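The values are calculated or read from the model by the stated rules, or taken from the named source; none is laboratory data. From a predicted model like this one, the values you see are computed outputs, not experimental measurements. Note that each Cβ is placed from the backbone with ideal geometry, even for glycine, and that neighbours are counted across all protein chains shown.
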Amino acid sequence: MKIIVPIKQVPETSNVKMDPETGTMIRTGVEPIVNPLDLYAIEEAVRLKNQYGGEIVAVTMGPPSAHKALREAISMGCDEGILLSDKKFAGADTWSTSYVLSKAIEKIGNFDIILCGERATDGDTGQVGPGIAAWLNIPFSTYVSQISEVTETKVTVKRIVENGYQLLDVERPTLITVVKEINFPRLPTLDGKIKAKQAEIPVWGPEEITAESEHLGLKGSPTRVVKISTPKVSRDGERFSPKTDGEMEEVVDCIIRFFEEKEII
Amino acid sequence: MDYKGVWILGEQDRGKVQTVSYELLKRGKTLAEKLNVDLVAVLLGYQVSPAELESLIHYGADKVVYVDDPVFGNFLPDPYINSLTKLIDKYKPEILIASATSTGRTVAPAIAIKCHAGLTADCTGLDIEEGSRNLIQTRPAIGGNILATIKSPDHRPQMATVRPHSNQPMDPDPTRKGEVIYEKLEAKFLKSRSRQVAFIEMKEEGANIQDAEIVIAGGKGCKTEENFKMITELAKILNGAVGASREAVDLGWAKYPHQVGLSGKTVSPSMYLCAGISGAVQHLAGIKTAQNIVAINSDPDAQIFQLADIAVEADMFEFLPMLIEKLKARLNK
Ligand SMILES: Cc1cc2nc3c(=O)[nH]c(=O)nc-3n(C[C@H](O)[C@H](O)[C@H](O)COP(=O)(O)OP(=O)(O)OC[C@H]3O[C@@H](n4cnc5c(N)ncnc54)[C@H](O)[C@@H]3O)c2cc1C
Ligand SMILES: Nc1ncnc2c1ncn2[C@@H]1O[C@H](COP(=O)(O)O)[C@@H](O)[C@H]1O
């Protein structure tokens, strides 16, 4: 069985600092990491490989330095990594990104399952997975919390929706986006790290994947970011700093009056 | 570009039109009025009653385009995507908005690829640019740290998903008239390569934070699972739902369906009361549409206070027990 895992390198957003003057991200000191939600896709691929045999190819589109993300994937148990990197890819939105990834996946060929993260923590769209499936014209499932069975012809998945879980039989080959509930990602092993360090990472550009240039990068992206701002939130509410029990009681009464005023009690 | 009209993707569950559809109609109405075009609700379903379809008109649709087929009895991506792509090709709407539900977030990206359209996820604001008639979309990005404004000037339809429950529907007007169009599609659009074998319903008390009028939430400041029960108790007294920050969920004090914020749920209750939550941007992203906010935090600089109507700088372990006692007395509980 051949499994392909598209992964993305992202800035560690929990530590992101914003420049209040310019509204831009302060990138210095922000280490890029593998999109945390993609670790679950990698882990699931490794588990499927262990159960059913086969090979795993991790693929990423990003700057030349994104080979690090692929090496991390290899250290966790992926067999190969392919880096899609070229100036022409830069500035791609999800439409163009999923096009490039689908072309690369076509070139890799012969795949059975594609596993994506639910979404990337930087762009936070979750659009690339379904987008790849649409380009490849294969069936797909989103928000999958369990892959219960893989047979010659189908994959059985459990997807989380608003009011419960949907159990689906899906024809192969198929694309699946996974949620956090699916597993616990393993830590890289020492062996894995050595393998990762030594791995040859091929770099593919538009020619290698026979991509049409009008679909690439900023030029090939239907959406345009026209403005970036830092959200300002403020309601100018009332402020209380009760120190004594008596003061606390007054504030409690005030909240109860507020509840009455707003007719919630 | 001969694309015209504003479309919203309606959602139904077992024949019942879902609230998110009405919320989208409110968003769509503003846009349709500015553009001076029809507002259309498209709905895929099986045996949805005429009264249910009419309800979309009462909530603001000028037209309803409805496709009825057993395949829409439960959600499957293929027939949804193929039917909607076909309908877009036929009617050519200039704007299509869907809710950022599991359904909307699944079908919209695939449709965008097939229609060569720009799609913006999880918008918090939608507007029309004067002159160009372009859709102006705003959305939080990079974990809520920035707001990006996005356009798709050269592609139609312009597509966006918006967070469920990030706005209220309009008041329905039962006298409103409109047209319901029953569309028939060829069998090839209704085929599915996946099949539902079972559905397991999720039922948990106090977890429906999205539809709750009152949400009482706790964060890491609660310090222990035992202390978090104060939040649960307060919610019970007020008949409210229990919310939690991601920290509280990660620590196992509350389950994921209770998580409020960017990677959890957006809530818009009449009253949001929280204690021991710092108010990280990712958390604030989920409560901006709450009508009233009361925050209790011991840190005078806590960010949550920026958004609070009543900001109480106090130790929650002293303050909450007193609030609970007085409320119990007031409500005879
Ligand atoms: C991509 C991404 C998505 C995220 N999504 C979400 C999300 O959906 N929802 C979410 O909530 N977070 C989310 N986060 C995490 C977010 O950044 C914060 O880490 C989280 O909200 C903090 O939770 P907290 O306020 O409970 O904890 P803390 O930030 O640790 O705050 C605890 C607060 O309790 C107060 N406190 C302590 N003791 C007391 C006391 N005795 N009395 C009163 N107050 C006290 C402290 O002053 C402090 O303000 C996300 C992060 C990322 C990177
Ligand atoms: N540049 C990329 N390279 C490889 N995979 C990607 C890339 N961008 C997104 N993905 C995949 O698509 C998923 C959803 O990303 P997004 O749509 O950007 O939120 C991620 O979890 C990855 O699995």
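Quick grid of which residues meet (1) crowded, with 22+ Cβ neighbours inside 10 Å; (2) farther than 19 Å from B:MET202 by Cβ:
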| site | (1), (2) |
| --- | --- |
| B:ILE231 | yes, yes |
| B:ASN239 | no, yes |
| B:HIS258 | yes, no |
| B:MET271 | yes, yes |
| B:CYS274 | yes, yes |
| B:SER278 | no, yes |
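If you go through region B:141-179 and keep only what is more than 7 Å from chain A (Cβ to nearest Cβ), in contact with an Asp or Glu (Cβ under 8 Å, 6 or more places away or on another chain) and not β-branched (Val, Ile, Thr), you end up with B:ARG156, B:PRO157, B:GLN158, B:ARG163, B:PRO164, B:HIS165, B:SER166, B:ASN167, B:GLN168, B:PRO169, B:GLY178, B:GLU179.
Looking only at region A:235-250, residues that are more than 17 Å from B:ASP299 (Cα to Cα) and facing chain B (nearest Cβ under 7 Å) come to 2 in all. Taking the conditions exactly as written (crowded, with 23+ Cβ neighbours inside 10 Å, away from ligand 2 (no atom under 16 Å from the Cβ), closer than 26 Å to A:ARG235 by Cα and within 11 Å of chain A (Cβ to nearest Cβ)), does B:ALA308 satisfy them or not? Yes, satisfied.
So is A:ARG224 within 16 Å of ligand 1 (Cβ to nearest atom), among the basic types (Lys, Arg) and either under 16 Å from the mean Cα position of the chain (by Cα) or within 11 Å of chain B (Cβ to nearest Cβ) (or both) or not? So A:ARG224 does not fit the description; no. For region B:232-253, the criterion of being in a helix (DSSP H, G or I), of a type in the set (S, T, N, Q) and over 29 Å from A:THR230 (Cα atoms) is satisfied by at least one residue. Just one residue in the set B:GLY279, B:GLY221 is in a loop (DSSP other than H, G, I, E, B) and within 9 Å of ligand 1 (Cβ to nearest atom); that residue is B:GLY279. For A:GLY129, the conditions (1) more than 8 Å from ligand 2 (Cβ to nearest atom); (2) touching a Phe, Trp or Tyr at 6+ places or on another chain (Cβ under 8 Å) are fulfilled apart from (1).
If you scan region B:294-305, which residues turn out to be under 18 Å from B:GLY264 (Cβ atoms) and either surrounded by fewer than 24 Cβ atoms within 10 Å (Cβ to Cβ) or in the same structural domain as B:LEU147 (by TED's automatic domain parsing) (or both)? Once the filter is applied, which keeps residues that are under 18 Å from B:GLY264 (Cβ atoms) and either surrounded by fewer than 24 Cβ atoms within 10 Å (Cβ to Cβ) or in the same structural domain as B:LEU147 (by TED's automatic domain parsing) (or both), region B:294-305 yields only B:GLN303. When A:ALA73, A:ALA66 are screened for being within 11 Å of ligand 2 (Cβ to nearest atom), within 14 Å of the chain's Cα centre (by Cα) and either of a type in the set (S, T, N, Q) or at pLDDT 95 or above (or both), only A:ALA73 passes. Residues that are within 13 Å of chain B (Cβ to nearest Cβ) and β-branched (Val, Ile, Thr) within region A:102-141 comprise A:THR121, A:THR125, A:VAL128, A:ILE132, A:ILE138, listed in sequence order. From the residues in region B:9-36 that are in a helix (DSSP H, G or I) and under 15 Å from B:VAL107 (Cβ atoms), which one is modelled with the lowest pLDDT? Across region B:9-36, the extreme among qualifying residues is B:VAL20.
Of the residues that sit in region A:142-162 and are in contact with a Lys or Arg (Cβ under 9 Å, 6 or more places away or on another chain) and not β-branched (Val, Ile, Thr), which one is farthest from the other protein chains (Cβ to nearest Cβ)? Restricting to residues being in contact with a Lys or Arg (Cβ under 9 Å, 6 or more places away or on another chain) and not β-branched (Val, Ile, Thr), the top hit is A:GLU152. Against the numbered list (1) within 7 Å of ligand 1 (Cβ to nearest atom); (2) more than 10 Å from chain A (Cβ to nearest Cβ), B:VAL242 comes up short only at (1). Restricting attention to region B:91-140, the residues that are within 24 Å of A:ILE176 (Cα to Cα) and within 11 Å of chain A (Cβ to nearest Cβ) add up to 24. Under the condition of being part of a loop (DSSP other than H, G, I, E, B) and either modelled with pLDDT under 95 or among the small types (Gly, Ala, Ser) (or both), the residues counted in region B:37-57 number 1. Restricting the first residue to region A:72-101 and requiring it to be over 11 Å from A:GLY131 (Cα atoms) and within 14 Å of chain B (Cβ to nearest Cβ), which pairs with a second residue that is aliphatic (A, V, I, L, M) and more than 10 Å from ligand 2 (Cβ to nearest atom) meet a Cβ separation below 8 Å and a spacing of at least six or different chains? Qualifying pairs under 8 Å: A:GLY91/A:LEU218; A:ALA92/A:LEU216; A:ALA92/A:LEU218.
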